[in-house]
Amino acid sequence: MMRNPNSLTFTGFMDGVKRRNKGQTEFHQAVAEWAHDVIPFVNENPHYQDHNLSERMTEPDRVIMFRVTWLDDDGRIRVNKGYRVQQSNAIGPYKGGLRFHPSVSLSVLKFLAFEQVFKNSLTGLPMGGAKGGSNFNPKGKSDGEIMRFCHAFMCELYRHIGPFTDVPAGDIGVGGREISYLFGQYKRLTNQFTGVLTGKGLSFGGSEIRVEATGYGTIYFMEDMLRHQKQDIEGKTCLVSGSGNVAIYATEKLIQHGAKPVTLSDSSGFIHDPDGITKKKLKWVKNLKEVRYGRISEYADEFGCEFYPGQRPWSVPCDLAFPCATQNEVNGEEAATLVKNGCIGVAEGANMGSDNDAIAVFRKAKILYGPPKAANAGGVAVSGLEMAQNSMRMSWTRKELNDHLGEIMKGIHERCVEYGSEKGGYVDYVRGANIAGFKKVADALISFGAV
Ligand code: NDP
Ligand code: 2IT
């Protein structure tokens, strides 16, 4: 049989991606994880072969880069980099978070925007994919400095976004406070009150459950994976990394559903509380992180347990693990330690929490592994529901939104099972998420022609 001239090899495709995107290692990593499943799928399906979809999908629609100039408390003029990567609006307006962290680079935002396209597709809602942010470090900044930075950032971003164009939201370093400053400035500059950002305050168009959605959704997804194997989460010892928005609400849902979370972390180290993090202790953590912007090491002093400076929690024996801090926080060695210690499931609250060596370890051991595209899609899903509520000029109740979130996570789980099931009952959720996410975007692109 003649080889189709449009069929690709993984290596050939990745060589091209690396050549066109020199030095962007996080972006290469995210594309490689995806291409590992998508290239063989495209080669096996002639319908997808002749449209150069893989190359089209790995080139952002556009990248906006700008200077952010702001005044610090000492009256000095400070300069940061600002970005918005608009990856694809094939199935809806660009949608995705903003990250403020010193590690932000074009490579990091391109990997995040790329994954966002397929995550948003998996939710079943009409949203394209984008990501943005700045190398601004919010740590140690006064409230006034945060406000002036957010206002300055929006002074440029506002001309590139809009409720039908691009709808940003939060991510690392961008929570309710920052979204409020950004929204206030957008409204002032445009004289329009629209659903241009999600994660807004409840008094000005925000949605119930958005704050909790990513963390809750990650636990719902783990419960769906466990249920599929006729198991449940009750009584399971759980490791959570991070102590920000996603980690806090993942921990809250674990406690509500009778599991036992024993760790939290930040960039300084992790706490291990063998008695379990309780509802009361978590309330204290919420105040520490959402009000005082303090460090997780204070938990160890407050509740008399160990703090391990400079370390990650993955060596603690557990049943389930939830990376909820940042990219590449679980490597191959740490993944092997988790498996050796009896961990039966990992679900990623963080984007690219596990590196590709770690993913290979989980796949080989055939433990439950919920990749970020699937497991942390609850946040952007409720953002989509916030957009719907804003368009209707009405709001749903907390119960309705929580039920919607549960249903959306179930739908994502089903799509992963449909495309990721193997003989013998094992579900490769990475493959399932990659193929299911790809198909919807691919079908839209094919119907548009050469755009
Ligand atoms: P937050 O800013 O609320 O919290 C981030 C947490 O991660 C903090 O505890 C922070 O510690 C820790 N962290 C950040 N960078 C590092 C690092 N380099 N090393 C170790 N720890 C680090 O962010 P979120 O909780 O919103 O985001 C966490 C993850 O979840 C990210 O990967 C994000 O992309 C992903 N996500 C978020 C969604 C959302 O709706 N917010 C939706 C889907 C995914 P420290 O304070 O010391 O920096
Ligand atoms: O990574 C993510 O999905 C987010 N940071 C949330 C994006 C959103 O638009 O709510």
Please go through region 281-328 and pick out each residue that is within 16 Å of ligand 2 (Cβ to nearest atom) and on the phi < 0 side of the Ramachandran plot.
PHE322, PRO323, CYS324, ALA325, THR326, GLN327
Just one of (1) of a type outside the set (Gly, Ala, Ser); (2) in contact with a Pro (Cβ under 8 Å, 6 or more places away or on another chain); (3) more than 16 Å from ligand 2 (Cβ to nearest atom); (4) part of a loop (DSSP other than H, G, I, E, B) trips up VAL346, so point out which.
(4)
Enumeration of residues in region 224-252 that are in a helix (DSSP H, G or I) and surrounded by 22 or more Cβ atoms within 10 Å (Cβ to Cβ):
ASP224, MET225, ASN245, VAL246, ALA247, ILE248, TYR249, ALA250, THR251
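Residues checked against (1) surrounded by fewer than 20 Cβ atoms within 10 Å (Cβ to Cβ); (2) modelled with pLDDT of 95 or more; (3) basic (Lys, Arg):
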| position | (1), (2), (3) |
| --- | --- |
| MET57 | no, yes, no |
| ARG62 | yes, yes, yes |
| ASP74 | yes, yes, no |
| LYS81 | yes, yes, yes |
| LYS95 | no, yes, yes |
| VAL104 | no, yes, no |
| PHE111 | no, yes, no |
Would you kindly identify the helices (runs of 4 or more DSSP H) lying entirely within region 350-429 that contain at least 1 residues that are surrounded by fewer than 16 Cβ atoms within 10 Å (Cβ to Cβ)?
356-365, 378-392, 398-420
Over region 268-290, the set of residues of a type in the set (A, V, I, L, M, F, W, C) and not in a helix (DSSP H, G or I) is PHE270, ILE271, ILE277
Which is among the acidic types (Asp, Glu) and closer than 30 Å to ARG363 by Cα, of GLU298, GLU329?
GLU329
Residue pairs qualifying under the 9 Å Cβ cut-off, at least six apart or on distinct chains, with the first in region 378-394 being within 13 Å of LEU405 (Cβ to Cβ) and the second being among the acidic types (Asp, Glu) and more than 8 Å from ligand 2 (Cβ to nearest atom), are GLY378/GLU212; VAL382/GLU208; VAL382/GLU212
Expected output for region 90-119 (first residue near ligand 1 (Cβ under 10 Å from one of its atoms), partner of a type in the set (Gly, Ala, Ser) and modelled with pLDDT under 95, Cβ below 8 Å, 6+ apart or cross-chain) is none
Would you mention how many residues in region 110-145 are more than 18 Å from the chain's Cα centre (by Cα) and of a type in the set (Asp, Glu)?
2
Quick check on region 258-292: of everything there that is farther than 19 Å from LYS139 by Cα and among the hydroxyl-bearing types (Ser, Thr, Tyr), which residue is farthest from ligand 1 (Cβ to nearest atom)?
THR278
So PHE149 ticks every box in (1) buried (at least 23 other Cβ atoms within 10 Å of the Cβ); (2) within 16 Å of ligand 2 (Cβ to nearest atom) but one. Which box is left unticked?
(2)
For region 187-207, indicate whether the set of residues that are in contact with a helix residue (DSSP H, G or I) (Cβ under 7 Å, 6 or more places away or on another chain), within 16 Å of ligand 1 (Cβ to nearest atom) and not in a loop (DSSP other than H, G, I, E, B) is non-empty.
no
Name the residues in region 188-220 that are of a type in the set (A, V, I, L, M) and surrounded by 14 or more Cβ atoms within 10 Å (Cβ to Cβ), would you?
LEU189, VAL196, LEU197, ILE209, VAL211, ALA213, ILE219
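Within region 17-54, how many residues are part of a helix (DSSP H, G or I) and more than 21 Å from VAL108 (Cβ to Cβ)?
Residues that pass the stated criteria total 14.
The values are calculated or read from the model by the stated rules, or taken from the named source; none is laboratory data. All of these numbers come straight from a predicted model, not from anything done at the bench. For neighbour counting, all protein chains shown are included, and Cβ atoms are generated from backbone atoms with ideal geometry for every residue, glycine included.
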